[in-house]
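Here the structure comes first, spelled out in structure tokens, and everything after it is commentary.
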Amino acid sequence: MVSADAGGGLMRADLLSDPVEGLDEALAAVDAFDGALVAGLLRPGPDQAAALTGLADAVAGTPLAARVAEAVGRAMSGAAGEDHFVALAAARGALLGAAHDALSHRIEETVGRPRAEDERGSAPVPVVPDHGANLLAAARSWLCDLARRGWRGIDHELVAGAAPVVSAMLPDPGSRRPATLLDGFAAELAASCPGATLERVPARRWADLWSRALLLTVPGSAGEPPVVPVTGRLLPLGVDVQEHTTAVQAQVHAVFEPADGGAPRLVRAGVSAPKPDTVVGAGLWQLLRPRMSLLGAVSEGCSMVLDAMPVTAEGDLVWDDERARTGEPADAFATARVMLSAATAARVAPLDRHPVRIAVPVLLEGYTVRSEEGRLAFDVAGRILAVDTDRAPAAGPLTPEAVAASHSCVGLLRWDAGAFLVQPLAVESTVRKKAVAVHAGAWAGGTTDKAGVRAEKAATDAVAVLRERAGRLLRK
């Protein structure tokens, strides 16, 4: 993905700023429904009724039309049941899924990459056993009560209703996915109680969590995705780090080159860990490093050889250190220049089809860096592409200054707040006539950088204290 005069393939940068047909209308219907959830659907007012009608109109002519129309009618009379709320959540998810697909298609047109493997998208959904149907029903009941009361109506008593359900679901591996979502959602709501006093309601975020959680309570929807073993070479492109107060996740984006000579594929490998709030910066790698050897390979600039490593149809490697060994050196920019444009993307699972989940690896070259309203932007072939430096982790050396000095970038193309933007994973600049690369995941396997060393030492001390305290509690 480079400008035409940079010696590479032609990027249709103009397509990123062109309007996507139907996108605004779909998102407007979702926004209106999200607004209706703020006050709750127990006694819908005129504005809420209009939002519900708009949702039904948006999915008219689809297989959901009849069920959503019935659900809207019941909701407008304040008599919606669990099945009706599920139908409303499904309609909302379908609209966001359509927006995701339209934006993804626009990206494919822009970068000229092979489309996702559609033939696997038509495969039958595997039948999985239902885990704790009664617990799923209890979770569904709580979520429906939330929708009736609305975000302005939440209080500690209502939110606490999720606690026994989550406690009963967490021990069951098959129910852990919806349980974890419910737990985090309830904690966020509890921190915002009472809802009546909130100055600002995060309507889109809470509606996203509510609808996803509700759909995951439908029996069979949270089943484990089928996996197949793959053998070949893994060529890392970069690491995306996501940090929260109590948890951290690193997701490695890479190109997989099958040993049988098949077409290269885009894949991901993720690792997460709980964390105390005292562990920050480069200290995060101490929590993640022991769980996945791939992080060390990324830091050293090496490939990995995989032997029968499980991978889902969505391109997520189910990482097992026993099935991987460090391979030859592999430069992320060389990989991107040679293989990225030909690597096929995996299909996206239905529940994951949401614009916020778009994160497509791209290579940008031949751009100039500009500052637009205090924010960095790349001028690519005469088109401005915003740069999201806020996502660069403190656990690495990739800084806004490094991005501003760069001429090449491996990053993730995302869509946020109505526009495309790029999140840098690595940048390359010229220093004393030599190409110098800076990677977000450069400290994943350890570092000699002074700031990184200090953060690692602080993390070591903090973890040692916590382990000592935990041991004391266990002995008591």
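A short reminder: the numbers here are calculations on the coordinates, not readings from a lab. Worth saying up front: this structure is predicted, and the values here are computed from it rather than measured. Note that each Cβ is placed from the backbone with ideal geometry, even for glycine, and that neighbours are counted across all protein chains shown.
What to note about this one:
- The fewest-to-most ranking of Lys434, Lys275, Lys457 by surrounding Cβ atoms within 10 Å reads Lys434, Lys457, Lys275.
- Restriction of the trypsin sites (Lys or Arg not before Pro) in the stretch 132-217 to DSSP coil positions whose beta-carbon has at most 12 other beta-carbons within 10 angstrom yields Arg200.
- Stokes-Einstein translational diffusion, the stretch 1-112 - Kirkwood Rh over all Cα pairs, 1.002 mPa s, 20 °C, in µm²/s: 137
- Over the chain, DSSP H runs of length four or greater, each weighted -39,500 (n - 2.57), average out per residue to a 222 nm ellipticity of -12500 deg cm²/dmol.
- Between Ala349 and Arg432, the C-beta separation translates, for a Förster distance of 51 Å, into a calculated FRET efficiency of about 0.60.
- Scanning the chain for DSSP H helices at least 27 Å long along the axis (C-alpha atoms) with a Kyte-Doolittle mean no lower than -0.5 picks out 82-111, 450-475.
- Per-bin percent of Cα-Cα distances, the stretch 129-223 [10 Å]: 17, 53, 25, 5, 0
- Our compactness index for the stretch 365-476, the C-alpha radius of gyration over the empirical 2.2 N^0.38 Å, is 1.43.
- Long-range Cα-Cα pairs in the stretch 404-466 (distance over 14 Å), rounded percent: 70
- If the convex hull is drawn through the Cα atoms of the stretch 321-410, its volume per residue in Å³: 185
- Under 5 Å from the amide H of Gly441 lie the amide H atoms of Val239, each residue being 5 or more positions distant or on a separate chain, with H modelled from the backbone and absent for Pro and chain starts.
- Between Thr368 and Ala458, residue separation times 0.36 nm minus the direct Cα-Cα distance comes to 28.6 nm.
- Taking label positions 7 Å along the Cα-Cβ direction at both Asn134 and Ala191, the computed distance is 3.4 nm, reported to one decimal.
- Per-residue Cβ neighbour rank within 10 angstrom, fewest leading, Val20, Val165: Val20, Val165
- The label-point distance for Met339 and Asp416, in a model that sets each label 7 Å from Cα toward Cβ, rounds to 2.8 nm.
- Stokes-Einstein diffusion for the chain, with the hydrodynamic radius set to the Kirkwood value over Cα pairs and evaluated at 20 °C in a medium of 1.002 mPa s, equals 89 µm²/s.
- Percent of Cα pairs in the stretch 215-358 per distance bin of 10 Å, from zero to the largest separation: 11, 38, 35, 15, 1.
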